[in-house]
Amino acid sequence: MRVKRDPLVPAFIPTVATRDDGTIGVTHYDFHSNTQDASELATDYRLAQSRDGITGHTSRVAGPFD
């Protein structure tokens, strides 16, 4: 499963974990909420989850923050 679907939005500091039920989780930071305002760099903390490694969903855990 591709964690970041938009190649134009940088993602960084990935962390991978699995649960006992086989669910795969990848947390990462990205600039999904960033704007053109040069005075801040809006950053989100996101979680991508999948049970089969092929399909899944991503949700924002925190942010945006600067």
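Pairwise Cα distances in the chain exceed 21 Å in 26 percent of cases. Per-residue packing, averaged as other Cβ atoms within 10 Å, sorts the ranges 23-30, 1-8, 12-19, 39-46 into the order 23-30, 39-46, 1-8, 12-19, beginning with the highest.
Each reported figure results from applying straightforward, stated rules to the coordinates on display, with no laboratory input. Not measured: the values here are computed from a predicted model. When we count neighbours, we look across all protein chains shown, and the Cβ atoms used for this are built from the backbone with ideal geometry, even at glycine.
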